[in-house]
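Taken together, the values in this text are just the output of simple stated rules run on the coordinates, not laboratory data. Source: prediction; values computed, not measured. Counting neighbours? That spans all protein chains shown, and the Cβs are built from the backbone with ideal geometry, glycine included.
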Amino acid sequence: MNEDLKKKLGRLGYDVGQLNAVIKACDEINSLKKEKNAVILAHSYQTPDIIYGVADFVGDSYALSRAAQKADAEIIVFCGVRFMAETAKILNPSKTVLLPAPGAGCSLADSISASDVREMKAENPGVPVICYINTSADVKAECDACCTSSNALKVVEGIPGDSVIFVPDQLMAANLQKLTSKKLIFWRGKCVVHESFDARKIAFLRAKYDGLKILAHSECAPDVVAACDMSGGTGDMIDYVRKTDAKYYMLVTECGMHERMVAEFPDKNFIGMCALCPYMKMTNLQLIKQVLSKPAQSQVVEVDPKVARAAGRTIERMFEISER
Ligand code: SF4
């Protein structure tokens, strides 16, 4: 474990002093994990010391939801943001779910409330509501199905009706609108990370690097997506890199994905182009150690049971449609 950790972090420029400090902290956390019967789930945007040093499972929102549902440890430590930890609690309510950084929100999830969804439903009676997984449990409880970036089109197409209310990501909705004949009625939320990318910069870098393949997250603006070779979720990006053989790759998404690629594909060349998510980067090894040792009340994730049941149906509908 430590040799692999050293190799991967070494590729990312960690020096000997940093490596030794990371290994010491990871050893302490991994012992605590066993002692407390805990499992650590981490999103791909977390820092590499978490991903390679202590996480038992790393993935995108969809894969993490499934992993949380199947977890049989007593404690799930969620290294990600609040809506993800809520989803874990909804899908596996008998477990204790801990969020090391309780202030880790998300500009998309925080852009919309349950009452906003109720108003949209009142204005568009009978129109089904699909929410992106980046929403609070309260919002999910008001919707008919949720989706992730990798299955959004399938869920939109799979839900009955000619129109769909799609919340909260307006950029993802604009990208989806180009792919579906259904009318999308959307909210005004945006991801602070993905809205920051500029199609002109992408065009500049494409001209500079011959043989460059550019991968954009589907939370980016439509002109950015149009300037790239593929768009999708983080899992789709990893698959694309694994299955293709380009001279260079560039990932237009959060910096954690670029680091994962550099660490995991040492024989491929990656051009840096990323933005940091301030929420995802709130979690660190010190907080993980503290939350496992003695969690504060604010780090224990609770979802009202009635809300959890309704939100759970919305998530299960996504599983049902996307796995058809
Ligand atoms: S990257 Fe964007 S969508 Fe993901 S948690 Fe950060 S703000 Fe939310």
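Between beta-carbons, use under 14 Å as the cut-off and find the net charge around Ser61, counting Lys and Arg +1, Asp and Glu -1.
Surrounding charge for Ser61 is -3.
Averaging sequence separations of C-alpha pairs under 8 Å and six or more residues apart, then dividing by the length of segment 178-258, give the relative contact order as a whole percent.
Averaging sequence separation for qualifying contacts and normalising by length gives 32 percent for segment 178-258.
Reachable lysines from Lys70, Cα under 21 Å, same-chain residues fewer than 8 places away excluded?
In chain and number order, the partners are Lys33, Lys34, Lys36, Lys89, Lys95, Lys140.
From the Cα gyration tensor of segment 1-69, with a ≥ b ≥ c the square roots of its eigenvalues, which class applies: rounded if a/c is under 1.5, or else prolate if a/b is larger than b/c, or else oblate?
Taking the square roots of the gyration eigenvalues as a ≥ b ≥ c, segment 1-69 is oblate.
Given a cut-off of under 8 Å on Cα pairs at least six residues apart, what relative contact order in percent is computed for segment 81-158?
RCO, segment 81-158: 28 percent.
Which residue, chosen from Tyr62, Thr135, Pro125, occupies the Cα position most advanced towards the positive end of the dipole of segment 1-147, where the dipole is computed from +1 (Lys, Arg) and -1 (Asp, Glu) charges on Cβ about the Cα centre?
After comparing all options, I get Tyr62.
At a temperature of 10 °C and a viscosity of 1.306 mPa s, determine how fast segment 184-324 diffuses translationally according to Stokes-Einstein, using the Kirkwood radius over alpha-carbon pairs as Rh; express D in µm²/s, rounded to the nearest whole number.
In µm²/s, the coefficient is 89.
With N residues in the chain, what two-decimal value do you get for its Cα radius of gyration over 2.2 N^0.38 Å?
After normalising by residue count via 2.2 N^0.38 Å, the value is 1.00.
Using a 7 Å offset from the Cα along the Cα-to-Cβ direction at both Glu74 and Asp27, what is the distance between the two label points in nm, to one decimal?
Calculated label separation equals 2.6 nm.
For the residues Leu276, Leu99, Leu205, Leu171, what sequence is obtained by ranking on other C-beta atoms within 10 Å, fewest first?
Leu276, Leu205, Leu171, Leu99
So what are the radius of gyration and Dmax for the Cα set of segment 1-148, in Å?
Every Cα atom of segment 1-148 included, Rg and Dmax give 18.1, 61 Å.
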